[in-house]
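The values are calculated or read from the model by the stated rules, or taken from the named source; none is laboratory data. It should be emphasised that the depicted structure is a prediction, and the values quoted were computed from it without experimental measurement. FYI the Cβ positions are ideal-geometry reconstructions off the backbone, even for glycines, and counts take in every protein chain you see.
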Amino acid sequence: MNNAGFFYALLAYLIWGIVPLFWRELEHVPSTEIVAHRMVWSCLMVLLFIVLMREWRQMMGLLQKPDVLLRLLAASILISINWAIYIWAVNNGQIVEGSMGYYINPLLNVLFGVCFFGETLRPRQLMAVLLAALGVAYLIFVHDQVPYVALSLALTFSCYGAVKKTISTSATHGMAIETGLLILPAIGYLIYLHMSGLGSSGIELRTDAMLALGGLVTLTPLVLFAMAAQRISMTALGMTQYLGPSLQLLIGVMVFQEPFGTDRQIAFGLIWMALAIYSLDQFFNQRKRRLAINPAP
């Protein structure tokens, strides 16, 4: 495993784990407006970084690659949808279900690795995926309602990770174009909100400052995630993803007092069992590879 890639992934999920505390401070702002601000400020900040690093010419070369632009557009749309769902969940008392989505995400990455990247699904991995599916199925059976927030977050972010893995370019360059592709629609939407008197910016300095800071909060873990996705496998990427949802779950239950009754405990228990099996499989598989490369004397 690439140590640098593992570190980047770990740091990205640490930030994502505590970010509900930040977004909850903007609960008076509609999620779609926050997403538009995130897109604009993220783009401006990453472009400033590229200019300061004198990497402008290298990034411009990507604009001459239609296949890369198409993939970055797909990634941009996917992450925008993911942002909107997650911010809505945080500000509507659904942090716990949101954390479930990111618990499911590593196991969905395993399936994506098999389907799109030729990675092999080992027996323990299959057992883990089935256990997680059983946890979701239990919630559906008990409540007669699909956990749409959890499943949509898991699906959109796994798709985003898969698309990013197919793009061979600098993380910051890719992110600049990724956010830039939707910056004009985002600006147009913000102008519309301002002209119609529905916007939240320009009223309170603190809100404006936090909306702008949201660009940095957004950009930093995404760049780290993109750097990690290019360096480690989809299955290895899942190993670090437990930190983020664990912190989110603790924040949802202990800070914001969201319900975590027996039904959710059983469903989460099945998913945690799945992740434990998956982690053990990763450990034994990595150990087997090391022994194959460096056999004992």
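Taking region 112-129 as the range and being in contact (Cβ under 8 Å) with a residue 24 or more places away in the chain and more than 11 Å from Ala162 (Cα to Cα) as the test, the residues that pass are Glu119, Arg122, Arg124, Gln125, Met127, Ala128, Val129.
Among the candidates Ile34, Ile15, single out the residue that is modelled with pLDDT of 90 or more, under 22 Å from Leu193 (Cα atoms) and either in contact with a Ser or Thr (Cβ under 7 Å, 6 or more places away or on another chain) or part of a helix (DSSP H, G or I) (or both). First the steps, then the outcome.
On the way: Ile15 fails: under 22 Å from Leu193 (Cα atoms).
Result of the check over Ile34, Ile15: Ile34.
Can you tell me which residue in region 101-146 is surrounded by the most Cβ atoms within 10 Å (Cβ to Cβ), limited to those that are outside any helix (DSSP H, G or I) and not polar (S, T, N, Q)? My answer is Glu119. Going through (1) over 21 Å from Asp144 (Cβ atoms); (2) surrounded by fewer than 23 Cβ atoms within 10 Å (Cβ to Cβ) one by one, Gln248 falls short only on (2).
Tell me, which helices (runs of 4 or more DSSP H) wholly within region 183-297 include 1 or more residues that are over 18 Å from Pro20 (Cα atoms), modelled with pLDDT of 80 or more and among the aliphatic types (A, V, I, L, M)? Explain how you work it out, then say what you get.
Values: elements: 183-195, 205-229, 234-237, 243-250, 262-293.
Qualifying helices (runs of 4 or more DSSP H): 183-195, 205-229, 262-293.
Scanning region 27-59 for residues that are surrounded by fewer than 22 Cβ atoms within 10 Å (Cβ to Cβ) and within 21 Å of Leu153 (Cβ to Cβ) returns Glu27, Val29, Pro30, Ser31, Thr32, Glu33.
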